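K.L.:
Have a look at the structure that comes next, please.
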Amino acid sequence: MKVHRKILGILTVVVIPLFAITAESQAPSPAVSTASGSRGQTGNVPSSGKVDTTTGAVAGRYRISTEQEYSDRFEEARQKAAIGNYTEAITGFQDVADRAHQSNDSDTEAESSLRLARAIELSGSKGTLDDASFARAKLAYDRAIQFGDPGQQASARNGLASMLLRRGDPAGAVTQLRAIDLARVDASHRAVYRYNLGLANEKSGNWAEAYSSYLGAIGDKPEYESAAQATFALLQRSTQPRISEAVQFNNFLLSTGQISSAGGYTKQLLAQWAGKPDSQRLLAALLQYYSVSPLTLDDLREREWPYLQHIASSAPELAEPIRDIQVACFASFPPMFEHYQVLDFFHGWAGGDWQQAAMGQMLKRTGDEFKKNGEFQEALSRYAAAWALSFDADAALYAASVLHDHRQFIDSNERLFDQLLNGIIEVKGMDYSKLDWPNILRMHTLLGTIFEQEKHWGSETELRSAIFQWNRAIYAEAQIRHSNPQYPPSPELYMKLANAYQQTGNPKALELYLTAAQAFADTGNVKQARSALAAAGSLNGSKAPSVQQRVDEIAAEIKKEQS
């Protein structure tokens, strides 16, 4: 006889002190900690539960009973546990588990054993268990591990590990948590298990393993603030500055969208380690936060600048880099397009690529703010400096856009525009000397976009023209794909060149639109493929039989892709 579980209710992943546990509504919370810091998160989560993305709750699944007496007995024990009557709940779950064992019903045996272990834990005074109760709960967890499916096994090992942590056996907890097959667990529960593995490793003195596990928990569930707090506390309590790990932590939080947390933790760690070797790397991490945060220039001046002044006063070696931040955010300075000029001007960030990249991002970000405020000269100065310092192609494009849109006010003789173009062409020449095809492609794409913006279509032999640059971009991509066939194709390049040819009435546009349409179709980009076909259909020669046949073939591929 097989007996299946009913819905076991909503289990919410939270962290609460174990001594504060009271009777729970339907099932034990999967997150328990102790006042002494053993905050392992536990709970008998249904093996195929789903997470409510709004509440973070974990819902169980239906298992319809084929044996009513099992079902009734299990439900009765569950209700007893829900009102805090753990004595009767323990008796009930034990009875169901034993009956299931006699009936070879491993699924029900495992689930009842999980509930039994949890009820025994909750029955302890202020979360503590005597030796006999501990042994009984452990036996129940072991039983669930032996007879359960992968989800039940994972839940049981996690519960047993949390219990071992509270008993002061982190090594035993590590053993249990490492045995969980994380690949067979959903991301929300995997985050909890990794968090607990981090905690157990931390208690065992395994710093690197703890750090890695906490980061993994954040990766599984970016909004999992307990894991972020644990990572920060691990760094903060380290006996030596862990600056490279702190920078990685900042970047990881930013990459998962936890922007505010990244800024808060990085500022605290910088305040703690300012003046230590490599502490400017943390300052650079802070600039990365500033670069993606919603802070305005007023916010930077009123909220962040006093903090930075404090850091500068406590760590003289950071005084110059912080003065440079002040200039980037608040001072007026002329547009600069040469690398050596900007290195000298922002000397505190001239040392290495990581420094130049960090200040380049900050300059681009402040440029956006000045542009938003209508201060286009100041925006241009920052975009130009960001390009010249870190060769950020987006910054160069933004500088060109400001010059294009406001030329009559800030560059009526096009002197600044020529300086920008000369700088980009010079960098492109250096890339050619090294046969750096990815960067060559990047530079031709940048120049092609600028000349397209200027509506300077030109020809295949006119260097300062869109047609020349898009042709060379296509050639550069071909060189990359020759050495790396896995490099993804860029149909947009053919579309751009086709548009430029179409503007000059060059019949080559038709073939290029069809090439772009085919490439878009091959990569599954149906919308762009249709757009390229429509552009081809508007040109003279598109009704030729050979062309129409090709159009029909591409259209058939698009239709097949949609089906």
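The values are calculated or read from the model by the stated rules, or taken from the named source; none is laboratory data. Predicted, not measured: the structure shown is a model, and the values here were computed from it. Positions of Cβ are backbone-derived with ideal geometry, glycine not excepted, and every protein chain shown enters the neighbour counts.
K.L.:
If PRO488 passes every condition in (1) at pLDDT below 95; (2) under 17 Å from ALA466 (Cβ atoms) but one, which one does it miss?
P.N.:
Condition (2) is where PRO488 drops out.
K.L.:
Right, another one. Are there any helices (runs of 4 or more DSSP H) wholly within region 335-435 with 3 or more residues that are touching a helix residue (DSSP H, G or I) at 6+ places or on another chain (Cβ under 8 Å) and either without any contact (Cβ under 8 Å) to a residue 12 or more places away in the chain or surrounded by 16 or more Cβ atoms within 10 Å (Cβ to Cβ) (or both), and if so which?
P.N.:
Working: elements: 339-345, 353-372, 376-390, 393-405, 407-410, 415-433.
Helices (runs of 4 or more DSSP H) meeting the threshold: 339-345, 353-372, 376-390, 393-405, 415-433.
K.L.:
Find the helices (runs of 4 or more DSSP H) located wholly in region 66-178 whose residues include 1 or more that are among the small types (Gly, Ala, Ser) and out of contact with any helix residue (DSSP H, G or I) (no Cβ under 6 Å at 6 or more places or on another chain), and list them.
P.N.:
Values: elements: 68-82, 86-102, 106-123, 131-147, 150-166, 170-178.
Fully inside region 66-178 and qualifying: 68-82, 131-147, 150-166, 170-178.
K.L.:
Which pairs have Cβ atoms under 6 Å, sit 6 or more apart or on different chains, and link a residue in region 534-555 that is surrounded by 11 or more Cβ atoms within 10 Å (Cβ to Cβ) to one that is not in a helix (DSSP H, G or I) and not hydrophobic (A, V, I, L, M, F, W, C)?
P.N.:
Cβ pairs passing all conditions: ALA536/SER542.
For every residue, the table says whether it meets (1) modelled with pLDDT of 95 or more; (2) within 27 Å of ASN439 (Cα to Cα).
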{"site": "GLN469", "(1), (2)": "yes, yes"}
{"site": "ALA498", "(1), (2)": "yes, yes"}
{"site": "GLN503", "(1), (2)": "yes, no"}
{"site": "LYS527", "(1), (2)": "no, no"}
{"site": "ARG530", "(1), (2)": "no, no"}
{"site": "ALA556", "(1), (2)": "no, no"}
{"site": "LYS560", "(1), (2)": "no, no"}
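K.L.:
Every residue in region 268-278 that is assigned to a helix (DSSP H, G or I) and either surrounded by fewer than 20 Cβ atoms within 10 Å (Cβ to Cβ) or free of Cβ contacts under 8 Å to residues at least 12 places away in the same chain (or both), please. Steps first, please.
P.N.:
Quick first cut of region 268-278, residues assigned to a helix (DSSP H, G or I) only: 268-273.
Scanning region 268-278 gives GLN268, ALA271, GLN272.
K.L.:
GLY524 passes all but one of (1) in a loop (DSSP other than H, G, I, E, B); (2) on the phi < 0 side of the Ramachandran plot; which number fails?
P.N.:
(2)
K.L.:
If you don't mind, another one. Going by the conditions given, is ALA171 modelled with pLDDT under 95, surrounded by fewer than 24 Cβ atoms within 10 Å (Cβ to Cβ) and out of contact with any His (no Cβ under 9 Å at 6 or more places or on another chain)?
P.N.:
Working: modelled with pLDDT under 95: no; surrounded by fewer than 24 Cβ atoms within 10 Å (Cβ to Cβ): yes; out of contact with any His (no Cβ under 9 Å at 6 or more places or on another chain): yes.
So ALA171 does not fit the description; no.
K.L.:
Just the residues that are outside any helix (DSSP H, G or I) and either over 18 Å from ARG242 (Cα atoms) or within 20 Å of the chain's Cα centre (by Cα) (or both), please, taken from region 179-216.
P.N.:
At the first step, the residues of region 179-216 found to be outside any helix (DSSP H, G or I) are 179-181, 185-186, 204-206.
Passing the criteria: ALA179, ILE180, ASP181, VAL185, ASP186, SER204.
K.L.:
Hey, can you tell me all the residues within region 174-225 that are of a type in the set (Ser, Thr, Tyr), modelled with pLDDT of 95 or more and buried (at least 19 other Cβ atoms within 10 Å of the Cβ)? Write out each step before concluding.
P.N.:
Start the filter on region 174-225 by keeping residues that are of a type in the set (Ser, Thr, Tyr), which leaves 175, 188, 193, 195, 204, 211-214, 224.
Subsequent filtering for residues that are modelled with pLDDT of 95 or more retains 175, 193, 195, 204, 211-214.
Listed by number, the residues that qualify are TYR193, TYR195, TYR211, SER213, TYR214.
K.L.:
Run PHE134 past the list (1) under 26 Å from GLU202 (Cβ atoms); (2) of a type in the set (A, V, I, L, M, F, W, C); (3) buried (at least 24 other Cβ atoms within 10 Å of the Cβ) and report the number of the one that doesn't hold.
P.N.:
(3)
K.L.:
Among the candidates GLN408, GLN377, GLN361, single out the residue that is within 22 Å of VAL292 (Cβ to Cβ) and not β-branched (Val, Ile, Thr).
P.N.:
Among GLN408, GLN377, GLN361, only GLN361 is within 22 Å of VAL292 (Cβ to Cβ) and not β-branched (Val, Ile, Thr).
K.L.:
For the structure I just gave you, tell me whether THR128 is touching a residue at least 60 places away in the same chain (Cβ under 8 Å) and hydroxyl-bearing (Ser, Thr, Tyr).
P.N.:
Details: touching a residue at least 60 places away in the same chain (Cβ under 8 Å): no; hydroxyl-bearing (Ser, Thr, Tyr): yes.
Against the criterion (touching a residue at least 60 places away in the same chain (Cβ under 8 Å) and hydroxyl-bearing (Ser, Thr, Tyr)), THR128 does not qualify.
K.L.:
Any chance you could count how many residues in region 284-299 are part of a helix (DSSP H, G or I), among the hydrophobic types (A, V, I, L, M, F, W, C) and surrounded by fewer than 21 Cβ atoms within 10 Å (Cβ to Cβ)? Before you say what the answer is, go through the steps one by one.
P.N.:
Within region 284-299, the first condition is being part of a helix (DSSP H, G or I), and the residues that meet it are 284-292, 297-299.
If we keep only those that are among the hydrophobic types (A, V, I, L, M, F, W, C) too, we end up with 284-287, 292, 297.
When the remaining residues are screened for being surrounded by fewer than 21 Cβ atoms within 10 Å (Cβ to Cβ), the result is 292, 297.
Matching residues across region 284-299 total 2.
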